[in-house]
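**Q** I have a structure here, written as structure tokens, and I will follow up with some questions on it.
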Amino acid sequence: MNKFVLFGGGALLLAAGGVAAWMLMSAPEPEPVHLDPYDYSQAESWDVKPAEQPPAVWDSGWAIDVIQLATDTRRDAEDIAAALDAIGPVYAPKLRAPNFAEDAAAALQEYLEVNNNGRAFVIASNQPLPASTVPVINADPMVRARFGGLLLLDGQETAFAPGVNPASVCSDRFGAGEVCAAPVEIKRTDGEWVIAGEGPAGGAVIDGFADWLDGSAPKLAEPLGDLEEVEIIDIRRPGQTD
């Protein structure tokens, strides 16, 4: 009798476990959480931005900004930015991982329209550069000329998303068959986040970039000030009146 009870209890446990497994397997997958798009004209849509606007190219000459387009990193955006700051001021927008391509293009567009001021720039990312950003860079030949390339974070090996031809976005600084990308390793040393490795930070993307800009890239001229409306006054001879 005891054996029968034990056997029966075991069967019930197996049956209950089977039902639970079936319920788990047959349960519908939860709907993904929808996140509204970020408004990159607002400060709260950025994880990192320079405290002060860096000087424009017409004021201080060539300098390099870093646009940090990274998601699901092993470190906080601020930690990565602290290391990349060795190259130049860092702009790190908040990005929705499922909408990476859309957000990356929107953030880059906002940066170019509002913050760039003719400065050179590179993109640092742990994702392949999406096709959505290519027309943003190519919309202006001067912008493409001062785009230095990609810094690949977190061991990322693929620089460009499928369908993106490197020759369609890399500047003339890179010859045929060359890719404007270089890996960057970031680690913590003596309590600080730094770019690891020997040689110039950013490898072939940064090495020689400033010299090439001086000799090959046109500088953006300072925009004219706001136009002032001047009233046109009729010219009359002495003695003439209405």
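Read-outs: derived from the displayed coordinates by stated rules, not from any lab. The model shown is predicted, which means the values in this text are computed figures rather than measured ones. Positions of Cβ are generated from backbone atoms using ideal geometry, with glycine treated the same way; all protein chains shown enter the neighbour counts.
**Q** Need one number: nm distance between label points at ASP190 and ASP172, each 7 Å from Cα along Cα→Cβ, rounded to one decimal.
**A** Between ASP190 and ASP172, the label points sit 4.3 nm apart.
**Q** A further question follows. For the peptides 88-96, 167-175, 200-208, what is the packing order when you average, over each peptide's residues, the other Cβ atoms within 10 Å and list the highest mean first?
**A** Going by the mean number of other Cβ atoms within 10 Å, highest first, we get 88-96, 200-208, 167-175.
**Q** Ok, one more. Which length gain, in nm to one decimal place, applies between ARG74 and GLU113 when the Cα-Cα distance is subtracted from 0.36 nm times their residue separation?
**A** Computed gain between ARG74 and GLU113 is 11.0 nm.
**Q** A further question on this structure: Given C-alpha coordinates of region 43-216, what is the ratio Rg to Rh with the Kirkwood estimate of Rh?
**A** Across region 43-216, the Cα-based Rg/Rh ratio is 0.92.
**Q** Go through 145-155, 54-64 and give me the packing order, highest mean Cβ count within 10 Å leading.
**A** 145-155, 54-64
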